[in-house]
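J.: My questions will all concern the structure given below.
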Amino acid sequence: MAVKEASAVRASARERLLAAANELFYNEGVHTVGIDRIIEQAGVAKASLYNTFGSKDELVRAYLQTRHDSVTQRITAAVDRHDTPRERLLAVFEGQGELLYDGSGQSARMDHDHAAAAAARAAAATLLDAALAPTDGSPAQRVT
């Protein structure tokens, strides 16, 4: 019974391969990480990788799809926390910046700068306010 419970808790080969790919590809790049490193990190046999994904290209596709799905879910959750159109639009930047360095692009990843997402949000707010400003000289209206 204990063996059965332990195997139920252990992640599937697919989950372990994707977790290893996520860590290695994100930190080192897709082209620099070989199959052998992924297999070693995941603790699976080479046959498991090929039976699950068929090729490194398919593993890369699954890795990218998983990251895309995660980002989409994070941004959707951030947008759903707001009611006004302006705050919902600006929430995209908050969703991008939540504990991830890909928040506002490469500078956040390279510099490990959480302020990059806040700066991108502030820039978007300024652009949004400017775009919505009346052209007849009256004060700008904020969309709430």
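J.: In the stretch 74-137, which helices (runs of 4 or more DSSP H) lie fully inside it and hold 2 or more residues that are at pLDDT 80 or above and surrounded by 15 or more Cβ atoms within 10 Å (Cβ to Cβ)?
T.: 85-97, 115-131
J.: So is SER48 among the hydroxyl-bearing types (Ser, Thr, Tyr), farther than 29 Å from ALA125 by Cβ and either touching a helix residue (DSSP H, G or I) at 6+ places or on another chain (Cβ under 8 Å) or modelled with pLDDT of 95 or more (or both) or not?
T.: Answer is yes for this residue.
J.: Going by the conditions given, is LEU59 modelled with pLDDT of 90 or more and either assigned to a loop (DSSP other than H, G, I, E, B) or assigned by TED's automatic domain parsing to the domain that holds ARG16 (or both)?
T.: yes
J.: Now for a different question. Scan the stretch 16-43 and report the pairs whose first residue is closer than 12 Å to ALA62 by Cβ and whose second residue is among the hydrophobic types (A, V, I, L, M, F, W, C) and part of a loop (DSSP other than H, G, I, E, B), with Cβ atoms within less than 8 Å and a gap of 6+ or a chain change.
T.: LEU17/VAL44; LEU17/PHE53; ALA19/ALA11; ALA21/VAL33; PHE25/VAL33
J.: Does VAL44 fit the bill of being within 17 Å of the chain's Cα centre (by Cα) and not assigned by TED's automatic domain parsing to the domain that holds ALA125?
T.: Considered against the rule, which asks whether it is within 17 Å of the chain's Cα centre (by Cα) and not assigned by TED's automatic domain parsing to the domain that holds ALA125, VAL44 comes out as no.
J.: Still on this structure, please answer the following. Provide a single number: the residues in the stretch 27-57 that are closer than 15 Å to ARG16 by Cα and surrounded by 11 or more Cβ atoms within 10 Å (Cβ to Cβ).
T.: Qualifying residue count for the region: 18.
The values are calculated or read from the model by the stated rules, or taken from the named source; none is laboratory data. Remember, it's a predicted structure, so these values are computed and weren't measured experimentally. A quick note on method: Cβ atoms are made from the backbone with ideal geometry, for glycine too, and the neighbour counts reach across all protein chains shown.
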